[in-house]
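The values are calculated or read from the model by the stated rules, or taken from the named source; none is laboratory data. Keep in mind that this is a model prediction, so the values were computed, not measured. As a convention, Cβ positions derive from the backbone with ideal geometry for all residues, glycine included, and neighbour counts pool all protein chains shown. SASA here: full protein model, heavy atoms, side chains in, ligands and nucleic acids out. Shrake-Rupley method; radii C 1.70, N 1.55, O 1.52, S 1.80 Å.
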Amino acid sequence: MNARALLYSFSPKPNIPPTDTSAPKRSFGSDSRPQTRFRFRVQIQNREHYWVLRVSGRDSGGGKRRGGKVFADVKSEAYDISESVDKFEKGLNDVPSGKEEELEEEPLAVAEASWLELFPKRWVIVVLCFSAFLLCNMDRVNMSIAILPMSAEYNWNPGTVGLIQSSFFWGYLLTQIAGGIWADTVGGKQVLAFGVIWWSIATILTPVAAKVGLPFLLVVRAFMGIGEGVAMPAMNNILSKWIPVAERSRSLALVYSGMYLGSVTGLAFSPFLIHQFGWPSVFYSFGSLGTVWFAVWISKAHSSPLEDPELRPAEKKLILASSVSKEPVKEIPWKLILSKAPVWALIVSHFCHNWGTFILLTWMPTYYNQVLKFNLTESGLFCVLPWLTMAFSANLGGWIADTLVSKGFSVTTVRKIMQTIGFLGPAFFLTQLSHINSPAMAVLCMACSQGTDAFSQSGLYSNHQDIAPRYSGVLLGLSNTAGVLAGVFGTASTGYILQHGSWDDVFKVSVGLYLFGTVVWNLFSTGEKIIN
């Protein structure tokens, strides 16, 4: 049955006298009620095994709306009606329509869809990345708690404890750039899936390796660093393809806040699990969560919108409207990348930013204990406060940045404003610590310092996707390598400074780097695409 036949079945019939008078028929003589013009609308829906033609309309005299539905089974007969339907729809477009003629019903597929199916798929990707980073820091910080009963059980001295803690960074440094190259060439979905399952298995194997011997434990911790090292470049690659520019700051802020909340969760639950079930339970339980995430990620995520068969056309059009390139990366233009001043501004600023961040997060318990005279329990409790502050302010900064972009501010201006807050805010609050005698005010200053620091998520951390969307994974690998080196050197130099100086000297170095980073960022950074 084609569209013309269906249309004919619903059309008003001509006034033809009946040929069979054996049965009573209604007369259509001149005294009958005159016919009125009938306006109609047709909606054609393609179901899995059949076509549905909906016809509805009303007469010009304001009569009652009438409608009908015809099912055409196309499974049993191979017949192409596309040409007829095209002509049919073309004819309908020529019919003038008024407000009274508009369909009052939504398309059946949309009307029957659940809220979960209508939830934007790009934000499903963001939530899954947030969950991955939540697990990332949960698995990272659990060792800082479990190392206490482990060192007592295995008689580790402080030097051995420091070696174990640092072994994580061996693998973490190794895979920053490699993870970025892999993500840009293969796809972020596969790389992030590898990273999560790799570090989760390494987490589960940690108690076994500790019992076998110290060398095995060092190798397992380095393996864990390998897995977590590819996570950030892979995430950056995925979001560069899934998230429009106007939503970029919010999405990155939410994902990175997963790291902050992961630290809070790990610090909160690890002592409870150790007390109830022993220190191995921390690694077994946290590592198992990664396998659950892996199963969901494999079934729901795709590296780009073009690879997702379930993505609704309207959302795909929105995402691809701001897409730069659909071609996969086959070769990394290292010479071109390293010749751009905004790339070096990104690398230098990441180094300056992480120097202060890693020092505060690594040495904060010691500062609370030595300077503010908190006991270890109080120090651990107050260490959670900056992480919570960072989670809140990161999302606040993301909302502010995207709002400014939507109101017409250039991306370059927004990135410079947000990163300037991320540099000058911590610098200001750190300078106030030497003038504060109240422990409560000192804790508040530290929290405010880290809170303003989190505005960097809408500054330098969003800039990789701005200047080179196709190579955002590689760029993040480059800049985060500098950031990790800043954490390693900064943490080590802080111990040396404290041995020969004071906490004021530690903070002065951080403030100096924050100011230097502010100058470099505002002189050389940009929010425009510089590499195709």
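Listed values, structure above:
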| read-out | value |
| --- | --- |
| Residue within the stretch 201-217 that is closer than 26 Å to residue 479 by Cβ, assigned to a helix (DSSP H, G or I) and not hydroxyl-bearing (Ser, Thr, Tyr) present | yes |
| Residue check, residue 492 modelled with pLDDT under 90 and open to solvent by less than 10 Å² (accessible area, probe 1.4 Å) | no |
| Test result for residue 421, in contact with a Phe, Trp or Tyr (Cβ under 6 Å, 6 or more places away or on another chain), open to solvent by 50 Å² or more (accessible area, probe 1.4 Å) and either in a helix (DSSP H, G or I) or free of Cβ contacts under 8 Å to residues at least 12 places away in the same chain (or both) | yes |
| Number of the exception - residue 434 against (1) out of contact with any Leu (no Cβ under 9 Å at 6 or more places or on another chain); (2) of a type in the set (S, T, N, Q); (3) buried (at least 19 other Cβ atoms within 10 Å of the Cβ) | (3) |
| Total residues in the stretch 160-190, condition within 19 Å of the chain's Cα centre (by Cα) and assigned to a loop (DSSP other than H, G, I, E, B) | 1 |
| Test result for residue 130, open to solvent by 50 Å² or more (accessible area, probe 1.4 Å) and under 19 Å from residue 289 (Cα atoms) | no |
| Exclusive hit being buried (at least 24 other Cβ atoms within 10 Å of the Cβ), among the hydrophobic types (A, V, I, L, M, F, W, C) and over 30 Å from residue 145 (Cβ atoms), set 454, 468, 427 | 468 |
| Qualifying residue in the stretch 358-378 (condition: modelled with pLDDT of 90 or more, closer than 25 Å to residue 136 by Cβ, open to solvent by less than 60 Å² (accessible area, probe 1.4 Å) and not in a loop (DSSP other than H, G, I, E, B)) | no |
| Unmet requirement for residue 189, which otherwise passes all of (1) at positive phi; (2) open to solvent by 10 Å² or more (accessible area, probe 1.4 Å) | (1) |
| Candidate set: the stretch 379-409, residues that are modelled with pLDDT of 85 or more, part of a helix (DSSP H, G or I) and small (Gly, Ala, Ser); chosen: the one farthest from residue 457 (Cα to Cα) | 406 |
| Subset tally (residues that are modelled with pLDDT under 85 and outside any helix (DSSP H, G or I)) for the stretch 312-331 | 11 |
| Some residue of the stretch 426-437 being more than 25 Å from residue 303 (Cβ to Cβ) and assigned to a loop (DSSP other than H, G, I, E, B) | yes |
| Odd one out for residue 231 among (1) surrounded by fewer than 23 Cβ atoms within 10 Å (Cβ to Cβ); (2) out of contact with any Pro (no Cβ under 9 Å at 6 or more places or on another chain); (3) in contact (Cβ under 8 Å) with a residue 12 or more places away in the chain | (1) |
| Test: residue in the stretch 184-191 that is out of contact with any strand residue (DSSP E or B) (no Cβ under 9 Å at 6 or more places or on another chain), of a type in the set (Ser, Thr, Tyr), modelled with pLDDT of 85 or more and more than 19 Å from residue 129 (Cα to Cα) | yes |
| Sole residue being assigned to a loop (DSSP other than H, G, I, E, B), under 26 Å from residue 140 (Cβ atoms) and either touching a Gly at 6+ places or on another chain (Cβ under 8 Å) or touching a residue at least 12 places away in the same chain (Cβ under 8 Å) (or both), chosen from 257, 303, 285 | 303 |
| Selected residue (criterion: farthest from residue 137 (Cα to Cα)) from residues of the stretch 163-186 that are small (Gly, Ala, Ser) and open to solvent by 10 Å² or more (accessible area, probe 1.4 Å) | 178 |
| Residue check, residue 290 in a helix (DSSP H, G or I), in contact with a Lys or Arg (Cβ under 8 Å, 6 or more places away or on another chain), at pLDDT 90 or above and open to solvent by less than 20 Å² (accessible area, probe 1.4 Å) | no |
| Every residue from the stretch 495-514 that is buried (at least 16 other Cβ atoms within 10 Å of the Cβ) and touching a helix residue (DSSP H, G or I) at 6+ places or on another chain (Cβ under 6 Å) | 497, 506, 507, 510, 511, 513, 514 |
| Which listed residue is touching a Cys at 6+ places or on another chain (Cβ under 6 Å) and crowded, with 23+ Cβ neighbours inside 10 Å, from 517, 477 | 517 |
